[in-house]
Amino acid sequence: PTPTPSPTPSPTPIPLKPSILYITNKAGFVPKSRYNDIKRTFGEYCIVYETLSKWAQQNGYDLIIKLKMTGLLESKVNSHKNQYPPHVKVIPGSDMIYNSLLDASIVIVQGYSTTYLESLYLDKPTILCQIPKNHDYLDIDRFPDLPQAHDVDSLIQLLTLHKNDPKHKIAQTKYQTARIQYLKPYFDLPKAESLVERIDHDLQKLLLIP
């Protein structure tokens, strides 16, 4: 009898490396004429980037940087793109963020970004990062159980906490309570008003647009 060939074993899937998604929106409100503000913004970006890049490399993470769609910070970052190590990837401001957001193990939001809401809604470990602290644009100071980093040490501490406890079971009850309370005003709305309309309304109030 003809021998029956053995079935070809399925290839073992290569596990994806965990990733940090760093969303930097700091340059969004800086006019081109304010050179000192642009310089300071880039300096703040460099502090956060260098901290995240070093930590990610030491702990086996990829670092995905999503830039704001602006010619200011993005042009400065791109001027250094050939110097980025292999574990770092930069997403242009014009590209969609959602695949990276869904895949991210940890999300870092710098400055004001509606992606903070989306990340919390997806129950991603999310850290609001302002180094140094300047404004409470996202109005989360009322929720001390939502993680914030205002210096390098607190950022590293929160990253390490999420690495060691990826499902944030530590203080899970407090975190989830704060998360639900923070998101509630954006979803507990009249049916005619969408989440996008609410965010736009809040942003207009923030910018004092009539």
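Among the residues making up the stretch 115-148, those that are part of a strand (DSSP E or B) and not hydrophobic (A, V, I, L, M, F, W, C) are Thr126, Gln148.
Look through Val90, Val48 and report the one residue that is part of a strand (DSSP E or B), open to solvent by less than 70 Å² (accessible area, probe 1.4 Å), over 29 Å from Phe187 (Cβ atoms) and modelled with pLDDT of 80 or more. Result: Val90 is the single residue among Val90, Val48 that is part of a strand (DSSP E or B), open to solvent by less than 70 Å² (accessible area, probe 1.4 Å), over 29 Å from Phe187 (Cβ atoms) and modelled with pLDDT of 80 or more. Tell me, which residue of the stretch 149-171 that is in a loop (DSSP other than H, G, I, E, B), charged (D, E, K, R) and within 21 Å of Thr51 (Cβ to Cβ) is modelled with the highest pLDDT? Among residues in the stretch 149-171 that are in a loop (DSSP other than H, G, I, E, B), charged (D, E, K, R) and within 21 Å of Thr51 (Cβ to Cβ), the one modelled with the highest pLDDT is Asp151. Report yes if Asn99 is open to solvent by 30 Å² or more (accessible area, probe 1.4 Å), modelled with pLDDT under 90 and not in a loop (DSSP other than H, G, I, E, B), otherwise no. Here the answer is yes, as Asn99 does meet what is asked.
Among the residues making up the stretch 39-60, those that are under 16 Å from Val90 (Cβ atoms) and not acidic (Asp, Glu) are Phe42, Tyr45, Cys46, Val48, Tyr49, Leu52, Ser53, Ala56, Gln57.
The values are calculated or read from the model by the stated rules, or taken from the named source; none is laboratory data. As the structure is a computational prediction, the values presented were derived from the model and not from experiment. As a convention, Cβ positions derive from the backbone with ideal geometry for all residues, glycine included, and neighbour counts pool all protein chains shown. We work out accessible area using only protein heavy atoms, side chains counted, and drop any ligands, DNA or RNA first. Shrake-Rupley method; radii C 1.70, N 1.55, O 1.52, S 1.80 Å.
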